[in-house]
1. Could you say whether any residue in segment 364-383 is in a loop (DSSP other than H, G, I, E, B) and in contact with a Ser or Thr (Cβ under 9 Å, 6 or more places away or on another chain)?
2. What single numbered condition from (1) more than 30 Å from GLU445 (Cα to Cα); (2) open to solvent by 40 Å² or more (accessible area, probe 1.4 Å); (3) assigned to a helix (DSSP H, G or I) fails to hold for GLY301?
3. Mind listing whichever residues of segment 304-336 are of a type in the set (Asp, Glu) and either outside any helix (DSSP H, G or I) or at positive phi (or both)?
4. For the condition over 19 Å from GLY417 (Cβ atoms) and in a helix (DSSP H, G or I), what is the one hit in ALA339, ALA350?
5. Which condition does MET71 not pass, out of (1) modelled with pLDDT under 90; (2) more than 18 Å from LEU268 (Cβ to Cβ); (3) crowded, with 18+ Cβ neighbours inside 10 Å, if it passes all the others?
6. What number of residues within segment 176-201 are out of contact with any Lys or Arg (no Cβ under 9 Å at 6 or more places or on another chain), open to solvent by less than 60 Å² (accessible area, probe 1.4 Å) and assigned to a helix (DSSP H, G or I)?
7. Go over the candidates LEU138, LEU130, LEU60 one by one and state the one that is open to solvent by less than 50 Å² (accessible area, probe 1.4 Å) and touching a residue at least 12 places away in the same chain (Cβ under 8 Å).
8. Under 8 Å between Cβ atoms, at least 6 apart or on separate chains: pull out the pairs that start in segment 360-386 with a residue that is among the acidic types (Asp, Glu) and end on any residue that is in a loop (DSSP other than H, G, I, E, B) and modelled with pLDDT of 85 or more.
Amino acid sequence: MGDTKRFAYLIIGPALFALCTIALPESAFTTVESRMAIGTVAWMAFWWVTGPVDYAVTGLLPIAVNALCQMTDMSSVIANYSSETIMLLLGASIVTVSWEETGLDKRIAARFLSLIGSSLRSQLMFWMLLSMALSSILPNAVVCATITPIAVSMLKFVGEGDIDKSRIGSKLLLYIAYGAGVGGLATPLGGAMNLVTVDYLQQLTGTEYMYVDWVIRFAPIMVALVLITGFFMLRDVKKEENLGGSKEFFIEQYKAMPKMSREEALVLGIFVVATALAFTRQFYADALPGLKPAYVFIIAGITTFLLTRPQDGRRLMLWKTVQGKIVWELIFIFAGGLAAGALINGSGAAQDIGNLVAGAGLESGIFLVFVIITFTLLMSDVTSNTATAAVAMPIVISILQGMGENPIPYIYIASIGVNLSYMLPTSIRAIPVGYGLSPKYMLKEGWKITVVIILTMTLLSYALMTFWPAFSVA
């Protein structure tokens, strides 16, 4: 990037902040803090996409801007930089550094290539469907944080490790994140945002909501989302494209590897145990309430520093070497997205946006379905899915009750947008960006699939609401 262009991008970021603060109508955004929060998100989005500074530096903007402009209590902003999810990402990053130290990353890569084959289509579908399946019963961040480094190891093995310059690597990591978001909609266990929705459904009906009812109601939507995401992902992938060799070639490479060393077995065991504990928390939550997935991975990361090499007794992991291999950029990008969401919510901007939708004089029907899906999906792009659910659900309920309509089908419809988001490196989409994916590529792909999803989900949701009576009851 030339100096002139970089300087222009640097200036445009804060100019967008100033423009939002001054030009957004006070009738819609009732406080200067609300307008500044919108401006901060616009500034961050522009810098993330154009890249005049490192992505991690942009992730620190909420602290700097809030210190100068005081949109909300600073403690609610900086708490995001040491949240449970950040601890999860740090711990997982440390564990995957141990793979590189022992050579386990190459063994894992060769094994996946020998099992799945080198067909790019097969690899893309496998990783996306795996991400979807796991995120239907597990937190999206856990799924994305554990699957992404495995995929990165495979990409490095076939010479596609520079994700920013690799079309294959960029597409693969992006669709792991997309898969985690889509899969989270399949069951109430897919994330806290769904549990928020279940709570509102129970308040409306006065009865316990059965999780199987959620699975049944969303089954047609899930089928459509899998097909849409799959077709969109493979639309520009030729049948003959592969990852640099035949399946037989990678099988031979895997067989030619030396026997797994003691160190490899230990770090693999640490990762497997940590992942298993994170995925089965419901079985020990009562006995160990503090052992959440984030802290499981921190413990796993600490454990790798206790290992020694049997040849000479030297420690396997030393902080002075490990710290240079931890994906710090991932951590600060993810935290910056969470902090931006804290500004949106804490400043009242989220409530202002909700009131704007509520006061638009909408009538029940397909246009209201379109507005709800668009509103919730775009909100999820700039704040967390859970925060979007907390803001959107009471607004949707109040709009429909004010019309004298049944709000339940519209709550289901809002859940679609709450779970899905595609364009900005916030929430779990920060994970592939931390591993090298360009936010510009994410936006380029993201706005296209966002338009497709909004249109198709509007039509499908309206059809379900109109022709399937079960979609209108809890």
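1. Checked segment 364-383: at least one residue is in a loop (DSSP other than H, G, I, E, B) and in contact with a Ser or Thr (Cβ under 9 Å, 6 or more places away or on another chain).
2. (2)
3. ASP312
4. Step by step, each of ALA339, ALA350 is checked, and only ALA339 is over 19 Å from GLY417 (Cβ atoms) and in a helix (DSSP H, G or I).
5. Of everything listed in (1) modelled with pLDDT under 90; (2) more than 18 Å from LEU268 (Cβ to Cβ); (3) crowded, with 18+ Cβ neighbours inside 10 Å, MET71 misses just condition (1).
6. 15
7. LEU138
8. From residues that are among the acidic types (Asp, Glu), the pairs are ASP381/SER421; ASP381/TYR422; ASP381/MET423; ASP381/LEU424.
The values are calculated or read from the model by the stated rules, or taken from the named source; none is laboratory data. Computed from a predicted structure; not experimentally measured. All Cβ positions, glycine included, derive from the backbone under ideal geometry; neighbour counts span all protein chains shown. Ligands, DNA and RNA are excluded from the accessible area calculation, which covers all protein heavy atoms including side chains. Shrake-Rupley method; radii C 1.70, N 1.55, O 1.52, S 1.80 Å.
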